[in-house]
Every structure is written in C-alpha cells, then in structure tokens.
1. Take segment 55-77 and flag every residue that is touching a helix residue (DSSP H, G or I) at 6+ places or on another chain (Cβ under 8 Å), within 22 Å of T12 (Cβ to Cβ) and in a helix (DSSP H, G or I).
2. For a quick check of your reading of the model, give me the residue pairs whose first member lies in segment 8-30 and is under 16 Å from W53 (Cβ atoms) and part of a loop (DSSP other than H, G, I, E, B), whose second is among the small types (G, A, S) and at pLDDT 85 or above, with beta-carbon atoms closer than 8 Å and at least 6 apart or on different chains.
Amino acid sequence: MRPHRTCRSHTTIGGTVPVDADGKTFGIGDASVLAERCFEFITDALNRAGSGWHDVVRPRIIPSDIDDWKAAVDVKANYCRAARLYQLTRSCRIHGL
C-alpha cells in the first residue's frame, strides 16, 4: 500500500493493493477478498492518521476486471454503510488493465 499523506486537515490514500505480510498478492481470483484486503489497509491508514470512515469523502474502486465490479462495490458498501457515508458508485471500463 502506498503511504497515506496528511496535509493540514486532509488525508489522501491512493495506490492500495491487496498484499499479504510477505508482499504477495492476497486473495487471487476472489474479488471480494481482494477488495476486503484493500479496505482493511485503508481503515488502518485512516486510523493511523487519527481519522476514520466517518471522515471519508469519496472512496473509489478501480477493478482490473470490470466483471468483478459488483463484488468490489458490495465490500465498499459495507464500509460506507457502517460509516453512514453516502456512496455514489460509478463504473467505467479501461481496456488494457
């Protein structure tokens, strides 16, 4: 996971990837497990920044396989619902990822 950055009252988190403690891809073949791992990393980064999901403005998901969008969005919805974060999900397909 790319380190989070805090600037004044804003924290940005980007480049989150689902890896295990050894740096190997975690949950290959299961989009829900991949997404869950990413959201665990994001939760940890928010907590280390003294924040939480209640402070999130716009979480985005960019799946490498558009067919996996539903599984990833369902995981995202669990985190957003718990924080009472209104979520607007947009999807686009980028060929070649």
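1. D55, A72, V75, K76
2. Qualifying pairs under 8 Å: I13/A45.
Yes/no matrix, rows are residues, columns are (1) of a type in the set (V, I, T); (2) under 14 Å from the mean Cα position of the chain (by Cα); (3) modelled with pLDDT of 90 or more:
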position	(1), (2), (3)
M1	no, yes, no
S9	no, no, no
T12	yes, yes, no
A21	no, no, no
H54	no, no, no
D65	no, no, no
W69	no, yes, no
I94	yes, no, no
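The values are calculated or read from the model by the stated rules, or taken from the named source; none is laboratory data. For clarity, every value in this text was computed on a predicted model and none was experimentally measured. Neighbour counts run over all protein chains shown; Cβ positions are idealised from the backbone, glycine included.
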